[in-house]
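Okay, structure first, notes after.
The values are calculated or read from the model by the stated rules, or taken from the named source; none is laboratory data. Keep in mind the model is a prediction, meaning the values are calculated, not measured. Note: ideal-geometry Cβ built from the backbone for every residue, glycine included; neighbour counts use all protein chains shown. Just the protein is used for accessible areas: all its heavy atoms, side chains included, with ligands, DNA and RNA removed. Shrake-Rupley method; radii C 1.70, N 1.55, O 1.52, S 1.80 Å.
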Amino acid sequence: ADELFRERATQRVTLGLIMTEIAKINGISLDNDRLDKTLTQLADSYDEPHQVISYYRSNAQIMANIESMVVEDQIVDWVMERSRVIDHQSSFDELVNPNSSEAAA
């Protein structure tokens, strides 16, 4: 069980380092307008959204998590804008069993 948690933690840390490096190299920083929109979306499901936003903004840990989430979304958008999609028809078996003889053909 410890190995599973260690593996997942290693993946999360590695992904975090990659995301940080992509942001740094490409000048991606927190978009405050997007942060405001995200705060509004998160708070809209509550009866008093303005109070929720005020609470979030007063809690440094919550804000750090939300800011991180927003920057990660910005990085994903940046990557997707530069990605190229190539359609490839595959059978169900190829998708489920990529190492099968049909997948190799």
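Report whether or not Met19 is in a helix (DSSP H, G or I), open to solvent by less than 80 Å² (accessible area, probe 1.4 Å) and not aromatic (Phe, Trp, Tyr). Criteria met by Met19.
Figure legend. Inter-residue proximity from the stretch 65-86: first residues within 10 Å of Leu35 (Cβ to Cβ), second residues among the aromatic types (Phe, Trp, Tyr) and in a helix (DSSP H, G or I), beta-carbon distance below 8 Å, spacing 6+ or different chains. Indicated pairs: Ile66/Tyr56.
Taken together, the residues in the stretch 37-50 that are touching a helix residue (DSSP H, G or I) at 6+ places or on another chain (Cβ under 8 Å) and in a helix (DSSP H, G or I) amount to 7.
Tell me which residues, restricted to the stretch 93-105, are aliphatic (A, V, I, L, M) and either closer than 28 Å to Met19 by Cβ or at pLDDT below 85 (or both). Working first, answer last.
Going through the stretch 93-105, the residues aliphatic (A, V, I, L, M) turn out to be 95-96, 103-105.
Within the stretch 93-105, Leu95, Ala103, Ala104, Ala105 meet the criteria.
Within the stretch 52-92, the set of residues being over 25 Å from Ile18 (Cβ atoms) and among the basic types (Lys, Arg) comprises just one member, Arg57.
Residues of the stretch 77-97 that are assigned to a loop (DSSP other than H, G, I, E, B) and open to solvent by less than 80 Å² (accessible area, probe 1.4 Å): Ser83, Ser90, Ser91, Asn97.
Looking across Val71, Val13, one residue alone is in a helix (DSSP H, G or I), of a type in the set (A, V, I, L, M) and surrounded by 14 or more Cβ atoms within 10 Å (Cβ to Cβ). It is Val71. For the stretch 28-53, the tally of residues that are small (Gly, Ala, Ser) and open to solvent by less than 50 Å² (accessible area, probe 1.4 Å) stands at 1.
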